[in-house]
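Every read-out reported here was derived from the displayed coordinates using simple, explicitly stated rules and does not represent laboratory data. Model, not experiment: these values are computed from the prediction. Glycine gets a Cβ as well: all are built from the backbone with ideal geometry, and neighbour counts include every protein chain shown.
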């Protein structure tokens, strides 16, 4: 029950932070959303900052966890990159509000917390450059700047949180496949 | 003098909105930054919202203006796309704080203002899909979903505002060229 209530509070916070922004959301707003007195809410959380930290951490951990499995899988670098792009695109599309909070609001975290999130996002970027570097070594990809390539792909995939709409003509999986095709083959005839 | 002071206020607002966020920045903060009393600041601006609107409008107008010139230029679609990517990347890199305010804070605008910015960003996206559609018709690009391709490119180029650092090993022009190459040729060998 305690855990469910906490999860309910976190979900309410994600929704409010996404819609109104972190700074414009008060602890009172969150209490109202879950039907608690502000005093009772503090039995579950110590601060709004703590909630933002938990949400951003959960979000970046979700990105990292699956990516680590992809890195370890026994497939070609090309297939790893396709899986990675599919993963990132579908994770954004299925967690739109949480991704928006991570990408737009993490800068509001206190320096110590922000540092933790920064380290996790750096680790995520490193997993991407590893796949690309391995692909170059395996002669599957052209020699290039793996960090810039990873940042180009991540930018495209992150941007989804600004335009993706459920029920559109393409599923997240189809968008992921299409993005993978663009980055692998290019658009020039 | 009035215009210069207004410009100084706008610059201070861009800096503060970028660093602290729009909601966390008070009119008092802006007044302090330019060395005015809060009451005097209101001789120049009517509200914080007005400042955010002017800043986001200036930003999206900058993106649109050059893009319209590129569309009209007498070069191949491939060269237009290269110019467009170079333009977007360099504009982000040279206006990092203003781009961050546009991309991260525009959602805080009042609905009427937000609608204007949304229309201008839609117009910008349309300029991109036009180049891509023309390139497909001219047999320069593979047939494809021009909106998705444009969103992929814009995502990559926008993301620069999160990682670009002046004085890095590549100039904005070089990054733009590299991104253009990735999107045109792909990374697969």
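Per residue of B:179-186, count partner chain C-beta atoms within 10 Å of its C-beta, then hand back the mean as an integer.
Details: counts 5, 0, 4, 10, 7, 4, 5, 10.
That works out to 6 on average.
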Run the helix sum for chain B: -39,500 (n - 2.57) per DSSP H stretch of 4+ residues, divided by residue count, reported at 222 nm to the nearest 500 deg cm²/dmol. -25000 deg cm²/dmol
What is the percent of Cα-Cα separations in the range A:34-129 that go past 21 Å? 43
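Cα gyration tensor of the range B:68-189, axes a ≥ b ≥ c as square roots of the eigenvalues: rounded (a/c below 1.5), prolate (a/b > b/c) or oblate? Write out the running numbers ahead of the final one.
Working: a/c = 2.00, a/b = 1.22, b/c = 1.63.
Oblate, since a/c reaches 1.5 and b/c is not below a/b.
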Can you give me the C-alpha center-to-center distance between the range A:50-111 and the range B:154-189, rounded to a whole angstrom? 21
How would A:184, B:102 line up from fewest to most surrounding beta-carbon atoms within 10 angstrom? A:184, B:102
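Taking Cα pairs under 8 Å and at least six residues apart, what relative contact order does chain A come out at, in percent?
Answer for chain A is 26 percent.
By counting other Cβ atoms within 10 Å of each Cβ, how are A:53, B:98 ranked from fewest to most?
A:53, B:98
If you average the sequence gap of Cα pairs under 8 Å that are 6 or more apart and divide by the length of the range B:1-45, what percent do you get for the contact order?
On the way: 26 pairs, mean separation 17.4, N = 45.
RCO, the range B:1-45: 39 percent.
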Label point distance in nm, residue A:72-residue B:107, each placed 7 Å from Cα along Cα→Cβ: 3.4
Averaged across orientations, what area in nm² does the convex hull of the alpha carbons in the range B:142-189 project? 4.2
Would you kindly state how much longer the chain becomes between residue A:40 and residue A:122 on full extension, computed as 0.36 nm times their sequence separation minus their alpha carbon distance, in nm to one decimal? 25.8 nm
If packing is taken as the mean number of other Cβ atoms within 10 Å per residue, what is the order of B:170-183, B:57-70, highest first? B:170-183, B:57-70
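Ranking A:141, A:17 by Cβ neighbours within 10 Å, fewest first, what do you get? Don't jump to the answer; show the numbers that get you there.
Numbers: A:141 23, A:17 28.
Ascending Cβ contact count within 10 Å gives the list A:141, A:17.
Let a ≥ b ≥ c be the square roots of the eigenvalues of the Cα gyration tensor of the range A:1-45; is it rounded (a/c under 1.5), or, if not, prolate (a/b larger than b/c) or oblate?
Numbers: a/c = 2.34, a/b = 1.48, b/c = 1.57.
Here the range A:1-45 falls in the oblate category.
Work out the mean other chain Cβ neighbour count within 10 Å for the residues of B:132-142 and drop it here as an integer. Please list the in-between numbers first.
On the way: counts 1, 0, 0, 3, 2, 0, 1, 1, 3, 4, 7.
The per-residue average across the peptide is 2.
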Just counting partner chain Cβ atoms within 10 Å, what average do the residues of peptide B:146-154 show around their Cβ? 5
Obtain the nm distance between the two label points defined at residue B:139 and residue A:137 by a simple spin-label model: each point lies 7 Å from its Cα along the Cα-to-C-beta direction. 4.3
List the distances, in nm to one decimal, from the label point of residue B:173 to the label points of the same position in every other copy, shortest first, placing each label point 7 Å from Cα along the Cα-to-Cβ direction. 4.6
Going by a ≥ b ≥ c, the root eigenvalues of the Cα gyration tensor, does the protein assembly as shown fall in the rounded group (a/c under 1.5), the prolate group (a/b larger than b/c) or the oblate group? oblate
Put a label point 7 Å from Cα along the Cβ direction on residue B:76, then list its distances to the equivalent points in the other copies in nm, shortest first. 2.8
